[in-house]
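Right, one structure below, let's go through it.
The values are calculated or read from the model by the stated rules, or taken from the named source; none is laboratory data. No experiment lies behind these values; they were computed from the predicted model shown. Ideal geometry is used to build each Cβ from the backbone, glycine not excepted, and the neighbour counts take in all protein chains shown. Accessible surface is based on the protein model in full, side chains and every heavy atom, while ligands, DNA and RNA are left aside. Shrake-Rupley method; radii C 1.70, N 1.55, O 1.52, S 1.80 Å.
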Amino acid sequence: EVIEQLKKFGGVELLASVFEDFDNETAQLLEESNNYLKNNEYNKILSNLHTLKGSAGTIGADRIASLSKDAESRLKNHITGQLAA
């Protein structure tokens, strides 16, 4: 539904741009988060997960939004065993 709305109002070019921006942002957030994980900087990871959850939800990437939400919840509850995964 989100994809169709973006395409309808902005065309294929806007759609491609939105997903390219999302891809770049996601890669950066995940790379940063992996570095933060090595240093046990969990608050910074929380911030990145929150951003990723919101961005993914905005463009309709429900699976990514759900995984981010789950990881964010686990981290808030100090469950870090599966965080790297």
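Restricting the stretch 1-41 to residues that are in contact (Cβ under 8 Å) with a residue 40 or more places away in the chain and closer than 22 Å to A71 by Cα leaves a set whose member that is least open to solvent (accessible area, probe 1.4 Å) is L37.
When the stretch 41-69 is filtered for residues that are at pLDDT below 95 and over 20 Å from Q28 (Cβ atoms), the ones remaining, listed by number, are G60, D62.
Please determine, by comparing only the residues of the stretch 42-85 that are β-branched (V, I, T) and either over 12 Å from the mean Cα position of the chain (by Cα) or open to solvent by less than 50 Å² (accessible area, probe 1.4 Å) (or both), which one is nearest to Q5 (Cα to Cα). So, considering only residues that are β-branched (V, I, T) and either over 12 Å from the mean Cα position of the chain (by Cα) or open to solvent by less than 50 Å² (accessible area, probe 1.4 Å) (or both), the one nearest to Q5 (Cα to Cα) is I59.
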